[in-house]
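The values are calculated or read from the model by the stated rules, or taken from the named source; none is laboratory data. This structure is a prediction, so every number in the text was calculated from the model and none was measured. Cβ placement follows ideal geometry from the backbone for every residue including glycine, while neighbour counts extend to all protein chains displayed. Accessible surface is based on the protein model in full, side chains and every heavy atom, while ligands, DNA and RNA are left aside. Shrake-Rupley method; radii C 1.70, N 1.55, O 1.52, S 1.80 Å.
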Amino acid sequence: MDAQAQESFREFVAGRSTALLRTAVLLTGGDRHAAEDLLQNALVKAAGRWQRIDEPEAYVRQVLYRQQVSRWRLKWPRREVVVAALPEAAAPDASGAADLRLVLRSALSRLTARQRTVLVLRYFEDLPEADVARLLGCSVGTVRSTTHRSLARLRTLAPELAALDGPGRQPSRDFSPVEVRP
């Protein structure tokens, strides 16, 4: 890699690594150390091909997704460790949004890696079903059914998130676990 390409790569890492790390944290279920490893491996792969990459961020994101998919397919996957039980519902206060984020993180960590990845791609990355299917190497129907099952499990694990749909309403089919509706 020549000096100009190295400088371009350094600028990319400095400018986009925070957003890419957030995605990696979501993909790994809140495990920051695993997310850092995942992002580091993706950046190493990108550095080796840097001069041939047309869209660097899209390339790195695709490497992140594919590496996470590869982790599911390991013969003996690593066990996830749940470190704490969900807290009892707290009275609303200024830390309500932080409480919801913690509940969401805990619930996401209890989903399977595949369920979590589909939700991250659909709702955090806001990708259409066809793009998610292409990235994960499965059919659109598989993405739809996995999304449906993942949201149902998320609602079961964290009923507090149903409050995001509004008081007295049933959760809608379009319930997005990562955005707060007014």
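Taking every residue in region 134-155 that is closer than 21 Å to Q62 by Cβ and touching a residue at least 60 places away in the same chain (Cβ under 8 Å) and pairing it with any residue that is of a type outside the set (S, T, N, Q) and outside any helix (DSSP H, G or I), at least 6 positions away or on another chain, the pairs with Cβ-Cβ distances below 9 Å are L135/L127.
Which residue is modelled with the highest pLDDT, if the candidates are limited to region 101-121 and must be in a helix (DSSP H, G or I) and open to solvent by 50 Å² or more (accessible area, probe 1.4 Å)? Here the residue is R114. The single condition among (1) modelled with pLDDT of 85 or more; (2) part of a helix (DSSP H, G or I); (3) open to solvent by 20 Å² or more (accessible area, probe 1.4 Å) that L154 does not meet is (3). Within region 26-42, the set of residues being modelled with pLDDT of 90 or more and either buried (at least 18 other Cβ atoms within 10 Å of the Cβ) or in a loop (DSSP other than H, G, I, E, B) (or both) comprises A35, L38, L39, A42.
Does L135 fit the bill of being surrounded by 15 or more Cβ atoms within 10 Å (Cβ to Cβ), modelled with pLDDT under 90 and part of a helix (DSSP H, G or I)? Yes: the conditions hold for L135.
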